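Enquirer: Here it is, the structure in full.
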Amino acid sequence: MTQFHALLPVREEADIIGQCLRHLLTWADAVYVFDTGSVDGTWEIVQQFAAEDRRVVPLLKDTVFFSDKRLRAWMFHQARRRMREGDWFLRVDADEFHHIAPPEFVKQRMRRHETAAYHQYYDFRLTASEDKDWAEGRETLADRSRPIEDRRRWFTASVYSEPRLCRYRESMQWPETVSFPCNAGYVARERLPIRHYPHRDPVQLNRRCRLRAFMMDDPENSAALHWSVADWRAHVAPNGSPDLRYWPAGTDLPDLRLRNHLASVPKRAVQRFAHAWLLPVLDRFRACYSAGAYPRRLPDEAIRKLRRELGGKVV
């Protein structure tokens, strides 16, 4: 029976990780978790879930750079020990909720020859009026117990897309130098719709911005321009912004049918031929995952600085 495996790195997600795991367990056969250095209780919540459901697999907690390509590659090579030819695996984050469950998406939205899918983000925003509710006490930390889809209803649709879902083959290579496997699969025309909640409340958003500003000091993160905004208030969406849309929870999201993630028609024709007939050969010539490769750990001095920035004990 085909199974679905989720690769979940986390960092400072205590406010949302419980809802995330409950969501993932509605469709995933295994959820592999790497905590990259949380100090807010995220790892303890993960362990509680793991004690109650063996599908949650806590891999490790270590203070590493969570943007490091080696992180997801390392996670994949732990998880692939349980994967079988024809299974599916996904890159997932704690602030994502799949609007269509991946098994249903594969069955209903992907053609049989399509073996990889990009995501369609619907980015849910913290609006100025919601920020005001927080400042005036109409919303508090206690509201974090409510489903996130009830708390944040205004979104913008993302044009940007990246690969998230892939069918596993035993010969595939995911070296630590790339962010997704080589020749991952023939890309589906449809995008996997995901509700994305990176801006949940002022306290969480402030902490997120401080953490990412800290990580921007690392040269390998210098290209991550969306991390460069240190003041969380810059992420608050003005009321009435023309690109904001309202989503009534439980209803369909707009089907955007964007195609900018696809290669040109001639190139896709070559890709389809290659993925149908040549992958085992191509895989043999791809770089392999290096023995002993591991995500970059933060230097001790950076760990101490991070402890001062966020508070708590950094492991």
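Read the figures in this text as sums done on the coordinates, not as results from a lab. Bear in mind that the values here come from a model prediction, so they are computed numbers and not experimental data. Every residue, glycine as well, gets a Cβ built from its backbone with ideal geometry; the counts of neighbours run over all protein chains shown.
Enquirer: Which residues make up the longest stretch of the chain clear of chymotrypsin sites (Phe, Trp or Tyr not before Pro) that lie in a DSSP loop with no more than 15 other Cβ atoms within 10 Å, not counting the sites?
Expert: Counting only loop sites that pass the neighbour cut-off, the longest clear stretch is 1-159.
Enquirer: Normalised by the number of residues in the chain, what is the relative contact order in percent for Cα pairs under 8 Å and 6+ residues apart?
Expert: Answer for the chain is 24 percent.
Enquirer: Only four residue types carry charge here, +1 at the Cβ of Lys and Arg and -1 at the Cβ of Asp and Glu. Report the dipole size of the chain about the Cα centre in Debye, rounded to the nearest 20.
Expert: Details: 52 positive and 43 negative charges, 221 e Å.
It comes to approximately 1060 debye.
Enquirer: Determine, at each q value in 0.12, 0.16, 0.20 (inverse angstroms), the log₁₀ of I(q)/I(0) that the Debye formula gives when each Cα of segment 90-247 is one equal point scatterer.
Expert: Cα-only, vacuum Debye calculation for segment 90-247: -0.65, -1.04, -1.30.
Enquirer: Assuming R0 = 25 Å, can you tell me the calculated FRET efficiency for the pair Lys305 and Glu44, based on Cβ-Cβ distance, to the nearest 0.05?
Expert: 0.60
Enquirer: Let me ask another. So for the chain: antiparallel DSSP bridges make up what percent, rounded to the nearest 5?
Expert: Antiparallel bridges: around 40 percent, rounded to the nearest 5.
Enquirer: Something else now. Distance in nm between label sites at Thr2 and Thr156, each 7 Å beyond Cα in the beta-carbon direction?
Expert: Reported label-point gap for Thr2 and Thr156 is 3.5 nm.
Enquirer: ³J(HN,Hα) across segment 161-166 via Karplus (A = 6.51, B = -1.76, C = 1.60, θ = phi - 60°), whole Hz, x for Gly/Pro?
Expert: Taking θ as phi minus 60°, the curve returns 8, 8, x, 9, 10, 8 Hz for segment 161-166.
Enquirer: I've got another one for you. Amide H neighbours of Ala30 under 5 Å, at least 5 residues apart or on other chains, H built in the peptide plane: list them.
Expert: The list, which skips near neighbours in sequence, is Phe4, Ala6.
Enquirer: In a shell of Cβ-Cβ distance under 13 Å around Arg268, excluding Arg268 itself, what net charge do Lys and Arg (+1) and Asp and Glu (-1) give?
Expert: Charge balance in the 13 Å sphere: +4.
Enquirer: Just subtract the alpha-carbon distance of Phe285 and Phe273 from 0.36 nm times their residue separation and send over the number in nm, one decimal.
Expert: Values: separation 12, 0.36 × 12 = 4.32 nm, distance 1.75 nm.
Computed gain between Phe285 and Phe273 is 2.6 nm.
Enquirer: What is the extension gain from Tyr246 to Ala263, computed as 0.36 nm multiplied by their sequence separation minus the C-alpha to C-alpha distance, in nm to one decimal?
Expert: Net length gain for the segment: 2.9 nm.
Enquirer: What does the charge count near Leu282 come to, summing +1 for each Lys or Arg and -1 for each Asp or Glu among other residues with Cβ under 15 Å from its Cβ?
Expert: Numbers: positive: Arg169, Arg272, Arg284, Arg286; negative: Glu170, Asp283.
Net charge around Leu282: +2.
Enquirer: On to the next question. Need one word for segment 251-302: rounded, prolate or oblate. Basis is the Cα gyration tensor (sqrt eigenvalues a ≥ b ≥ c); a/c below 1.5 gives rounded, then a/b vs b/c decides.
Expert: It is oblate, given that a/c is not under 1.5 and a/b is not larger than b/c.
Enquirer: Classify segment 13-66 from the C-alpha gyration tensor, please: rounded if a/c falls under 1.5, else prolate or oblate depending on whether a/b exceeds b/c.
Expert: Details: a/c = 1.83, a/b = 1.53, b/c = 1.20.
Cα axes put segment 13-66 in the prolate bin.
Enquirer: How large is the convex hull of the C-alpha atoms of the chain per residue, in Å³?
Expert: 147
Enquirer: Please report how far the C-alpha centroid of segment 114-140 lies from that of segment 249-275, rounded to the nearest whole angstrom.
Expert: 26
Enquirer: Among residues other than Ile148 whose Cβ falls under 14 Å from its Cβ, what is the net charge (Lys/Arg +1, Asp/Glu -1)?
Expert: Net local charge, Ile148 excluded: -3.
Enquirer: Within the chain, what is the number of lysine pairs with alpha carbons under 19 Å apart, leaving out pairs fewer than eight places apart on the same chain?
Expert: Details: Lys61/Lys69; Lys61/Lys305; Lys61/Lys313; Lys305/Lys313.
Within the chain, the lysine pair count is 4.
Enquirer: Quick one: dipole size for segment 1-115, taken about the Cα centre, charges +1 on Lys/Arg Cβ and -1 on Asp/Glu Cβ, in debye to the nearest 20.
Expert: Computed about the Cα centre, the dipole is about 740 debye.
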